[in-house]
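Engineer: Just passing along the structure, written as structure tokens.
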Amino acid sequence: MSTPTPSHVFQANLTPARRRESLIFGLFGGATYLVLLCGALVFGTIIFKGAGTVFQAKAPFINTSFLLDAPESLHVFQFEGKKMELGDRAFRLFQAEHPEVAKLKQESYIYSAGGIFPCIVGTLLLVVGSMTIALTLGVSAAIYLNEYARDGMFIRFIRLAILNLAGVPSIVFGLFGFGMFVIFFGWNVSLIAGWFTLAFMVLPVVITASEESLKAVPKGFREGSLALGATKWQTIRKNVLPYALPGILTSSILGIARVAGETAPIMFTAAYVVRDKLPWQVDKFSDFFFQGVMALPYHIYVVSSKIPQNEYTERVQYGTAFVFLVLVAMIATTSIILRNHLRNRYKW
């Protein structure tokens, strides 16, 4: 069969190979847009339903009770022909004023009233603390591997081990943290145990990305600094690290996204289902580090799978997930803005 003649001299011949190539590209494009569509449906559902919990039609247009109160049980009952929905504290006050309520039929729904403020605080503390430890250890390890260590069998084995650790499931890190920090070190379920567990979990990503960022800095920066009499550390601190910081912050963005969303590690090492006091409400400063906290991912897990499901718990689930997405996006956006600022400042 002859190949069709092109309509003009610059038009490519439509051969069978080009048809197959166009078909393959079409399949790749269709698969890409299908994944994007599924993601848009998932996040769209969370945003649509969650926004209904976080925002309200009347001023101040934000459900401050949901954002600033602690979780409570919801009491639903009929009183004088009206359907009443009261949180635990409001119900106690109402019952004190109307003792006859105790004789009425009522239904209680755990974690379906109040808010998620302790969960927000706990999540922020876990992310900031663990990423501080991970960046400190990870950047230090990357500097040693790239600037000081001599390339050999042992260093190659270490790099391979780091890459393998990046693929270890989070539940394994959770069990490791439980055995090491909670039991062996005797830290119990606490902030510091969660910090180190989450930090070790993202450490491979931070080390790998930081080392690649250091490798991207031209060798001429090092050689010029050393030729002018600077020490090795002065060269790294003044002429290498500033130019590698944008890439290091990229690793922090990846780490934040993983740390904030993990449930298994904090379930074993740091998270409580319910805690009455906020982290800073302690008698001694040292107690701040050795106490458990509530966290948004663990709260979503408990509300979604550990209690009976109903319309009230669904409202809390989507509201918590919406706040969680916004919180992670804000932290990641801050890192991106800082990275772009440093990237514009340090150019070569």
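Any read-out appearing in this document is the output of simple, stated calculations on the displayed coordinates, not a laboratory observation. For clarity, every value in this text was computed on a predicted model and none was experimentally measured. Positions of Cβ are backbone-derived with ideal geometry, glycine not excepted, and every protein chain shown enters the neighbour counts.
Engineer: Calculated FRET efficiency, Phe289 and Ser140, Cβ-Cβ r, R0 22 Å, to nearest 0.05?
Structural biologist: In this case the efficiency is close to 0.50.
Engineer: Could you please rank Ser65, Ser22, Ser251, placing first whichever residue has the fewest other Cβ atoms within 10 Å of its Cβ?
Structural biologist: Ser22, Ser65, Ser251
Engineer: From the list [x] 69, 58, 39; [y] 85, 71, 38; [z] 64, 42, 34, can you say which value of Cα extents along the principal axes in Å was derived from the structure given?
Structural biologist: It is the value labelled [y].
Engineer: Let me ask something else. If each residue of separation counts as 0.36 nm, what is the full-extension length gain between Ile183 and Val273 once their alpha-carbon separation is subtracted?
Structural biologist: 30.4 nm
Engineer: Which of the residue pairs Lys58/Lys306; Lys49/Lys83; Lys49/Lys105; Lys49/Lys306 have a Cα-Cα distance greater than 26 Å in the structure shown?
Structural biologist: Listed pairs above 26 Å: Lys58/Lys306; Lys49/Lys105.
Engineer: Arranged by the count of other C-beta atoms within 10 angstrom, fewest first, what order do Trp280, Trp187, Trp195 take?
Structural biologist: Least to most surrounded, the residues fall as Trp280, Trp187, Trp195.
Engineer: At most 11 other Cβ atoms within 10 Å and a DSSP loop assignment: could you name the trypsin sites (Lys or Arg not before Pro) in the range 291-348 that fit?
Structural biologist: Lys306, Lys347
Engineer: Taking the Cα-to-Cβ direction at Glu212 and at Thr231 and moving 7 Å from each Cα, how far apart do the two end points lie in nm?
Structural biologist: Taking the simple label geometry, Glu212 and Thr231 are separated by 3.2 nm.
Engineer: So which helices of the chain fit the span-like rule, where a helix is a whole DSSP H run, its Cα atoms reach 27 Å or more along the axis, and its mean Kyte-Doolittle is at least 0.5?
Structural biologist: Within the chain the helices that satisfy the rule are 16-54, 117-143, 191-216, 241-261.
Engineer: Can you tell me the length gained on complete extension of the stretch Phe25 to Ile171, counting 0.36 nm per residue apart and subtracting the Cα distance?
Structural biologist: So the chain would gain 48.8 nm between Phe25 and Ile171.
Engineer: Run the numbers for Met84 and Glu223: contour at 0.36 nm per residue of separation, minus the present Cα-Cα distance, in nm.
Structural biologist: 42.6 nm
Engineer: Hey, fewest Cβ within 10 Å first, where do Asp276, Asp88, Asp287 land in order?
Structural biologist: In order of increasing Cβ crowding within 10 Å: Asp276, Asp287, Asp88.
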